[in-house]
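Participant: Next up is a structure, given as structure tokens.
The values are calculated or read from the model by the stated rules, or taken from the named source; none is laboratory data. What you see is a predicted model; the values in this text were computed from it and never measured. Neighbour counts run over all protein chains shown; Cβ positions are idealised from the backbone, glycine included. Remember, those area values only see protein heavy atoms, side chains included, never the ligands or the DNA or RNA. Shrake-Rupley method; radii C 1.70, N 1.55, O 1.52, S 1.80 Å.
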Amino acid sequence: MSDEQATTARKNAVTMEKLVNLCKRRGIVFPTSEIYGGLGSTYDYGPLGTELKRNVKEAWWREMVQSRSDVLGLDSAIFQHPRTWEASGHLENFTDPMVDCKNCKLRFRADKVAGPQCPECGGELTPARQFNLMFKTFMGPVEDTASTVFLRPETAQGIFANFQNLVDTQRVKLPFGVAQIGKSFRNEITTENFIFRTREFEQMEMEFFIKPETGEEEKWYRYWVEFRADWHVRYGLRADHLRRREHAADELSHYSSGTTDLEYLYPFGWGELEGIAKRGSFDLDQHARASGRDLSYFDEDAKRRYRPWVIEPALGVDRAMLAFMLDAYDEDVVENEERIVMRFNPRLAPIKVAVYPLLRKGGQPEKAVAVREMLARHFTTAYDQAGSIGRRYRRQDEVGTPFGVTIDHQTMEDDTVTLRDRDTTRQERYPIGALVEVLNGKVGWAAA
Ligand code: ATP
């Protein structure tokens with residue numbers, strides 16, 4: 001299948017519009033400040049989106065930090081000393097070429113316009129000039145140059161700036177990684193495609209420090225590319241919607257000697273999902289020079305000091321959510337009725353189990369409430385007694401709830417319930433007392 005054919009097939013499966021509608025209708029994603037007419041491509045996550053986001057971050061954090069012995073966690077400030085950005089090269093290099101239309105005044109990224117004319121009105125465009133993507137603000141009561149600070153455009157620099165603290169306090173031995181999750185800000189010239197590119201977003205980044213040797217670098221670079229690709233597939237991306245693309249020499253960032261993008265097949269075509277970059281010792285060297293600190297590591301075995309090299313996998317939380325939602329989205333027919341079903345990996349599903357009384361009488365609602373309370377101590381739950389049972393199942397299918405527990409007349413006799421599977425729609429009977437264990441086996445981390 002060519003790229004073009006694949007894109008067409010993708011478009012037919014799920015359009016961005018369908019997903020955006022579902023997200024709005026069910027409280028997954030809302031446009032920010034909608035009551036004031038919105039604030040250009042800024043989004044808020046509703047109750048279900050908030051759960052999904054937490055689950056995506058947790059899936060990353062558990063696998064990148066908690067379940068490994070060679071990675072530490074960090075949570076550095078959004079504001080860093082302004083010299084950080086001078087040293088990292090962001091003040092000088094973190095720019096996109098921008099052109100203005102002399103007629104309608106719209107602004108475009110020069111590399112995104114095809115010809116010399118304005119794509120909107122056909123007007124004449126100015127020559128390209130560099131536009132810095134960092135947001136500026138002032139720290140403290142005085143608004144002058146001395147108090148200018150920037151909102152971080154990536155989380156990575158907080159890790160490099162803490163390198164000495166980590167080495168001094170954590171008894172680390174190479175190779176080791178330092179990971180963090182947090183908000184980043186980029187004053188993108190054009191935002192696009194729902195939560196794919198926004199000006200405020202969250203990143204999950206890890207700096208993996210290694211011995212400064214070519215063989216080590218190549219080995220760990222390949223390791224992280226494969227580890228990250230595998231993670232995406234295990235949590236729900238279709239393997240044929242993911243590809244690895246090496247950057248050509250002329251597209252590499254100022255700090256990188258090699259980068260592989262994991263690209264995902266969005267409805268609008270292939271686009272970056274995550275980047276895995278070789279950063280060498282660029283950042284530590286720069287900060288050492290700018291701060292006058294050593295920022296080196298003492299290799300006990302080799303009895304020498306050096307600055308480690310770095311491999312960095314960097315992923316956007318919001319972009320990952322978009323990809324997981326796109327691949328989860330499905331439409332099928334159950335009992336002659338069309339349904340939308342989000343086939344989320346159970347670990348990512350916002351609600352793990354919904355509880356329903358079949359009838360609103362005979363003690364069933366009270367029993368269902370009690371079962372829900374028991375399950376809520378272990379899982380995110382929903383309770384629904386409104387409308388036909390079929391309608392209630394559809395409502396949960398649409399937001400990807402993997403399991404449903406139904407209380408029926410038999411429950412009132414023998415304390416068993418049915419457990420319905422979202423994907424197969426099949427039901428099995430279990431004693432209420434076994435539910436937590438059964439569900440743990442299906443949605444717990446051990447099942448991931
Ligand atoms: P792009 O080429 O799409 O602008 P980039 O190469 O500048 O992205 P990186 O600096 O490598 O992106 O950032 C790492 C990850 O952070 C990206 O792979 C993406 O998932 C996420 N990301 C970057 N910019 C944005 C943004 N404006 N909105 C949402 N996510 C973003």
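Yes or no, residue by residue, for (1) surrounded by 20 or more Cβ atoms within 10 Å (Cβ to Cβ); (2) more than 21 Å from Trp61 (Cβ to Cβ); (3) out of contact with any Pro (no Cβ under 7 Å at 6 or more places or on another chain); (4) among the charged types (D, E, K, R):
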site: Asn162; (1), (2), (3), (4): no, no, yes, no
site: Asn165; (1), (2), (3), (4): no, no, yes, no
site: Lys173; (1), (2), (3), (4): no, yes, yes, yes
site: Ile181; (1), (2), (3), (4): yes, no, yes, no
site: Arg186; (1), (2), (3), (4): yes, yes, no, yes
site: Asn193; (1), (2), (3), (4): no, yes, yes, no
site: Arg197; (1), (2), (3), (4): no, yes, yes, yes
site: Gln203; (1), (2), (3), (4): yes, no, yes, no
site: Glu207; (1), (2), (3), (4): yes, no, yes, yes
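Participant: Another question about this same structure. Restricting the search to the stretch 190-214, which residues are within 13 Å of the ligand (Cβ to nearest atom) and assigned to a loop (DSSP other than H, G, I, E, B)?
Facilitator: Thr190, Thr191, Asn193, Phe194, Ile195, Phe196, Thr198, Arg199
Participant: Just checking, how many residues over the stretch 225-247 are buried (at least 20 other Cβ atoms within 10 Å of the Cβ), out of contact with any Lys or Arg (no Cβ under 9 Å at 6 or more places or on another chain) and not in a loop (DSSP other than H, G, I, E, B)?
Facilitator: Total meeting the criteria: 3.
Participant: Still on this structure: Within 19 Å of His378 (Cβ to Cβ) and open to solvent by 20 Å² or more (accessible area, probe 1.4 Å): is that true of Val417 in this structure?
Facilitator: Spelling it out, it is not the case that Val417 is within 19 Å of His378 (Cβ to Cβ) and open to solvent by 20 Å² or more (accessible area, probe 1.4 Å).
Per-residue answers, yes or no, for (1) part of a helix (DSSP H, G or I); (2) assigned by TED's automatic domain parsing to the domain that holds Ser256; (3) surrounded by fewer than 18 Cβ atoms within 10 Å (Cβ to Cβ); (4) not basic (Lys, Arg):
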{"site": "Val56", "(1), (2), (3), (4)": "yes, yes, no, yes"}
{"site": "Glu63", "(1), (2), (3), (4)": "yes, yes, no, yes"}
{"site": "Ser69", "(1), (2), (3), (4)": "no, yes, yes, yes"}
{"site": "Thr84", "(1), (2), (3), (4)": "yes, no, no, yes"}
{"site": "Pro97", "(1), (2), (3), (4)": "no, no, yes, yes"}
{"site": "Asp100", "(1), (2), (3), (4)": "no, no, no, yes"}
{"site": "Lys105", "(1), (2), (3), (4)": "no, no, yes, no"}
{"site": "Asp111", "(1), (2), (3), (4)": "yes, no, yes, yes"}
{"site": "Gly115", "(1), (2), (3), (4)": "no, no, yes, yes"}
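Participant: Still on this structure, I have one more. Out of everything in the stretch 304-344 that is within 13 Å of the ligand (Cβ to nearest atom) and not in a strand (DSSP E or B), what residue ends up being most open to solvent (accessible area, probe 1.4 Å)?
Facilitator: Arg319
Participant: Specify the residue that is least open to solvent (accessible area, probe 1.4 Å); the eligible residues are those in the stretch 272-303 that are within 16 Å of the ligand (Cβ to nearest atom) and either at pLDDT below 95 or not in a strand (DSSP E or B) (or both).
Facilitator: In this case the residue turns out to be Asp283.
Participant: So which of Glu312, Glu335 ends up being closer than 30 Å to Asn165 by Cβ, out of contact with any Leu (no Cβ under 9 Å at 6 or more places or on another chain) and touching a residue at least 24 places away in the same chain (Cβ under 8 Å)?
Facilitator: The unique qualifying residue is Glu312.
Participant: Can you tell me which residue within the stretch 248-271, out of those that are near the ligand (Cβ under 10 Å from one of its atoms) and at pLDDT 95 or above, is surrounded by the most Cβ atoms within 10 Å (Cβ to Cβ)? Show your work before the answer.
Facilitator: Initially, the stretch 248-271 is screened for residues near the ligand (Cβ under 10 Å from one of its atoms), giving 251, 253, 256, 259, 261-264, 271.
When the remaining residues are screened for being at pLDDT 95 or above, the result is 259, 261-264, 271.
On the way: Thr259: 22, Asp261: 20, Leu262: 22, Glu263: 18, Tyr264: 25, Gly271: 17.
Per the criteria, the residue is Tyr264.
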